[in-house]
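Here it is: the structure, laid out below.
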Amino acid sequence: MPEPVCVIRTGSANLASVVAGLRRVHAAPEITTDPSVVRAANRLVLPGVGAFGAAMAQLQQASLVDAIREHVRSGKPFLAICLGLQLLGPASEESRGVDGLGLVDSRVARFPEGLIVPQLGWNRVEPADGCRLLQEGYAYYANSYRMTEVPSGWQGATSQHGGPFVAAIERGAQLACQFHPELSGAWGRELLERWLAASVASGGMPC
Amino acid sequence: MLTRRVIPCLDVRDGRVVKGVRFQGLRDAGDPAERAAAYEAQGADELVLLDVSATPEGRGHALDTVRRVRDVLGIPLTVGGGVRVVDDAAALLDAGADKVAVNTAAVRAPEILGMLAERFGCQCVVLAIDAASTGPGAWSVVVRSGTERTRREAVGWAREAVHRGAGEILLTSWDRDGTRSGYDLELVSAVSRAVRVPVIASGGADTSEHLAAALRAGASAVLAASIFHYGDTTVAAIKAELAACGLEVRP
């Protein structure tokens, strides 16, 4: 029986890839912009590509900000991808003056000068000891900005591009990745499977 | 550390993979979704799918092909060919592309690069340049599958395109395409030095030495079609040879 998963439509994201990736691990993704659907969801996915400010504006406009905050604070199963991770922070160098979701305390900054940016390609992921979902391997990235420190209260993995940056963070059945698990081949598929299994174990209410 | 990418390219016409020499004399090379799945299994880092259909009817298959490939493909997919306006790109992304490549449309109206970057982010916008040699250290941009030479100079065009919003350059040597005589290393080097976004070298690959040389010349990724399509080698074999040359690739 496919596991229902709510996927928030953040405008310009590569939703088709996220949906295809979730289907390949036998989840049943449902795309929504409706706050009441988000509030009723047990498993929530926040994908995102594009600019920090534009994405926050879209979440505000759809009245989704509080619904997402409540979901993440409740500890219910949650998956953020790429810009979705950055949106969890208080702000980003990319869009000065725009408030993020403010759910984690780490800052988001552009990669240092002199590097090839955007970072497009596969980079090695090194999880810290306490990680349960994240494992060592190669993941696909497409980003110009990154979180610089693992926020308090989360376990993290790092990768190197002009120094270490946050590859992903996890807490129970909550996972937020700078890389794209849906585009990270077999390694990414297995990560999605572990996240889905953890979300089922944490109480499988319908989407 | 960010690894170098090996990218098989599927030229698709009327829903079938084809390959020619200098964009002409196309031969059938299989079903796109089957080829895509096989390349992912071999360790391909990404796929590029270029729609080279000659007619609007042929182009009608493109979205369907992208959907079929997306269903089976768990690595990034760049799609190009026939992108004229922003909505064409949106349709390809909706169908399952992760990046969109523009070529002729950007040469005609460079503003499209900024419009695409604003709507989808620059990491989504690939500028495809087909460059033909015009003398030592000089290349002009060709469009319409190489049938029309423009007055644009390739290195300057790459620089302008990045300034306008392109996040990656897919750089094809028209002179070398399909010839299997090696990449135009001078071209790869000139463009890689001119921009700080990833450059994908394309056109002329035959051996792993060719790929290694393009990566050493400054390319972030190497694209090849002919060598993979007809079973001469596999992505896995090529990557093992690149690793043996000391180049960092995803195992």
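The values are calculated or read from the model by the stated rules, or taken from the named source; none is laboratory data. Treat the numbers as computed from the prediction; the structure is a model and nothing was measured. Note that we place each Cβ from the backbone using ideal geometry, even for glycine, and neighbour counts take in every protein chain shown. The accessibility values were calculated without ligands, DNA or RNA, using every heavy atom of the protein model including side chains. Shrake-Rupley method; radii C 1.70, N 1.55, O 1.52, S 1.80 Å.
Before we move on, is B:Gly43 closer than 23 Å to B:Val197 by Cα and either surrounded by fewer than 16 Cβ atoms within 10 Å (Cβ to Cβ) or within 14 Å of another protein chain (Cβ to nearest Cβ) (or both)? Show your work before the answer.
Working: closer than 23 Å to B:Val197 by Cα: no; either surrounded by fewer than 16 Cβ atoms within 10 Å (Cβ to Cβ) or within 14 Å of another protein chain (Cβ to nearest Cβ) (or both): yes.
No: the conditions fail for B:Gly43.
Here is a follow-up. Residue by residue through region A:27-44, note down the ones that are crowded, with 21+ Cβ neighbours inside 10 Å and β-branched (Val, Ile, Thr).
A:Val38
I've got another one for you. Among (1) facing chain A (nearest Cβ under 10 Å); (2) open to solvent by 10 Å² or more (accessible area, probe 1.4 Å), where does B:Val126 come up short?
(2)
Between A:Val72, A:Val37, A:Val98, which is among the β-branched types (Val, Ile, Thr), in a helix (DSSP H, G or I), farther than 20 Å from A:Val150 by Cα and away from chain B (no Cβ under 14 Å)?
Details: A:Val72 fails: farther than 20 Å from A:Val150 by Cα; A:Val98 fails: in a helix (DSSP H, G or I).
Of the residues listed, the single one that is among the β-branched types (Val, Ile, Thr), in a helix (DSSP H, G or I), farther than 20 Å from A:Val150 by Cα and away from chain B (no Cβ under 14 Å) is A:Val37.
If only one of B:Gly204, B:Gly246, B:Gly218, B:Gly231 is within 14 Å of chain A (Cβ to nearest Cβ) and free of Cβ contacts under 8 Å to residues at least 60 places away in the same chain, which one is it?
Values: B:Gly204 fails: within 14 Å of chain A (Cβ to nearest Cβ); B:Gly246 fails: within 14 Å of chain A (Cβ to nearest Cβ); B:Gly231 fails: within 14 Å of chain A (Cβ to nearest Cβ).
That would be B:Gly218, the only listed residue that is within 14 Å of chain A (Cβ to nearest Cβ) and free of Cβ contacts under 8 Å to residues at least 60 places away in the same chain.
State whether the residues of region B:129-147 include one that is within 14 Å of another protein chain (Cβ to nearest Cβ) and crowded, with 16+ Cβ neighbours inside 10 Å.
First pass over region B:129-147, keeping only residues within 14 Å of another protein chain (Cβ to nearest Cβ): none.
No, region B:129-147 contains no residue that is within 14 Å of another protein chain (Cβ to nearest Cβ) and crowded, with 16+ Cβ neighbours inside 10 Å.
Residues in region B:221-251 that are small (Gly, Ala, Ser) and in contact with a Cys (Cβ under 6 Å, 6 or more places away or on another chain): how many? Steps first, please.
Of the residues in region B:221-251, the ones small (Gly, Ala, Ser) are B:221, B:224-226, B:231, B:236-237, B:240, B:243-244, B:246.
Then keep just the ones that are in contact with a Cys (Cβ under 6 Å, 6 or more places away or on another chain); that gives B:225.
The qualifying residues number 1.
Another question, then. Would you mind listing the helices (runs of 4 or more DSSP H) fully within region B:189-251 where at least 3 residues are hydrophobic (A, V, I, L, M, F, W, C) and either touching a strand residue (DSSP E or B) at 6+ places or on another chain (Cβ under 9 Å) or over 22 Å from A:Arg124 (Cα atoms) (or both)? I'd like the intermediate steps shown before the answer.
Numbers: elements: B:208-216, B:226-229, B:235-244.
The helices (runs of 4 or more DSSP H) meeting that bar are B:208-216, B:235-244.
Within region A:104-125, does at least one residue satisfy the condition of being under 14 Å from the mean Cα position of the chain (by Cα) and either over 24 Å from A:Ser17 (Cβ atoms) or surrounded by fewer than 22 Cβ atoms within 10 Å (Cβ to Cβ) (or both)?
yes
I'm trying to understand the selection: among the residues of region A:3-26, which are open to solvent by less than 20 Å² (accessible area, probe 1.4 Å), farther than 18 Å from A:Leu87 by Cα and more than 14 Å from chain B (Cβ to nearest Cβ)?
Answer for region A:3-26, where residues must be open to solvent by less than 20 Å² (accessible area, probe 1.4 Å), farther than 18 Å from A:Leu87 by Cα and more than 14 Å from chain B (Cβ to nearest Cβ): just A:Val5.
So which residues in region A:40-68 are under 15 Å from the mean Cα position of the chain (by Cα), assigned to a helix (DSSP H, G or I) and among the small types (Gly, Ala, Ser), if there are any at all?
Matches in region A:40-68: A:Ala55 only.
From the list B:Arg27, B:Arg84, B:Arg59, B:Arg70, which residue is more than 18 Å from B:Gln123 (Cα to Cα) and within 14 Å of chain A (Cβ to nearest Cβ)? Walk me through it before giving the result.
Details: B:Arg27 fails: within 14 Å of chain A (Cβ to nearest Cβ); B:Arg84 fails: within 14 Å of chain A (Cβ to nearest Cβ); B:Arg59 fails: within 14 Å of chain A (Cβ to nearest Cβ).
Answer to the check: B:Arg70.
Among the residues of region A:48-60, is there at least one that is open to solvent by 10 Å² or more (accessible area, probe 1.4 Å) and either more than 22 Å from A:Gly89 (Cβ to Cβ) or more than 14 Å from chain B (Cβ to nearest Cβ) (or both)?
Of all residues in region A:48-60, those open to solvent by 10 Å² or more (accessible area, probe 1.4 Å) come to A:49-51, A:53-54, A:57-58, A:60.
Remaining after also requiring either more than 22 Å from A:Gly89 (Cβ to Cβ) or more than 14 Å from chain B (Cβ to nearest Cβ) (or both): A:60.
Within region A:48-60, one or more residues are open to solvent by 10 Å² or more (accessible area, probe 1.4 Å) and either more than 22 Å from A:Gly89 (Cβ to Cβ) or more than 14 Å from chain B (Cβ to nearest Cβ) (or both).
B:Val188 passes all but one of (1) β-branched (Val, Ile, Thr); (2) open to solvent by 10 Å² or more (accessible area, probe 1.4 Å); (3) at pLDDT 95 or above; which number fails?
Every condition holds for B:Val188 apart from (2).
Okay, next question. Specify the residue that is surrounded by the fewest Cβ atoms within 10 Å (Cβ to Cβ); the eligible residues are those in region B:113-122 that are among the hydrophobic types (A, V, I, L, M, F, W, C) and more than 8 Å from chain A (Cβ to nearest Cβ). Step through it out loud before you land on a result.
Restricting attention to region B:113-122, the residues satisfying the condition of being among the hydrophobic types (A, V, I, L, M, F, W, C) are B:113, B:115-117, B:120, B:122.
Keeping just the survivors that are more than 8 Å from chain A (Cβ to nearest Cβ) gives B:113, B:115-117.
Numbers: B:Leu113: 23, B:Met115: 16, B:Leu116: 29, B:Ala117: 19.
Residue satisfying both the conditions and the ranking: B:Met115.
If I go through region B:87-112 residue by residue, how many of them are closer than 27 Å to A:Pro181 by Cα, open to solvent by less than 20 Å² (accessible area, probe 1.4 Å) and more than 10 Å from every other protein chain (Cβ to nearest Cβ)?
Of the residues in region B:87-112, 4 are closer than 27 Å to A:Pro181 by Cα, open to solvent by less than 20 Å² (accessible area, probe 1.4 Å) and more than 10 Å from every other protein chain (Cβ to nearest Cβ).
Just the residues that are part of a loop (DSSP other than H, G, I, E, B), at pLDDT 90 or above and touching a helix residue (DSSP H, G or I) at 6+ places or on another chain (Cβ under 6 Å), please, taken from region B:24-45.
Once the filter is applied, which keeps residues that are part of a loop (DSSP other than H, G, I, E, B), at pLDDT 90 or above and touching a helix residue (DSSP H, G or I) at 6+ places or on another chain (Cβ under 6 Å), region B:24-45 yields B:Gly43, B:Ala44.
Restricting attention to region A:117-147, report how many residues are facing chain B (nearest Cβ under 10 Å) and of a type in the set (Lys, Arg). I'd like the intermediate steps shown before the answer.
Residues of region A:117-147 facing chain B (nearest Cβ under 10 Å): A:117-124, A:137-144.
When the remaining residues are screened for being of a type in the set (Lys, Arg), the result is A:124.
Number of matching residues: 1.
Return only the number of the condition from (1) within 22 Å of B:Val141 (Cα to Cα); (2) modelled with pLDDT of 95 or more that B:Lys19 does not satisfy.
For B:Lys19, the failing item is (2).
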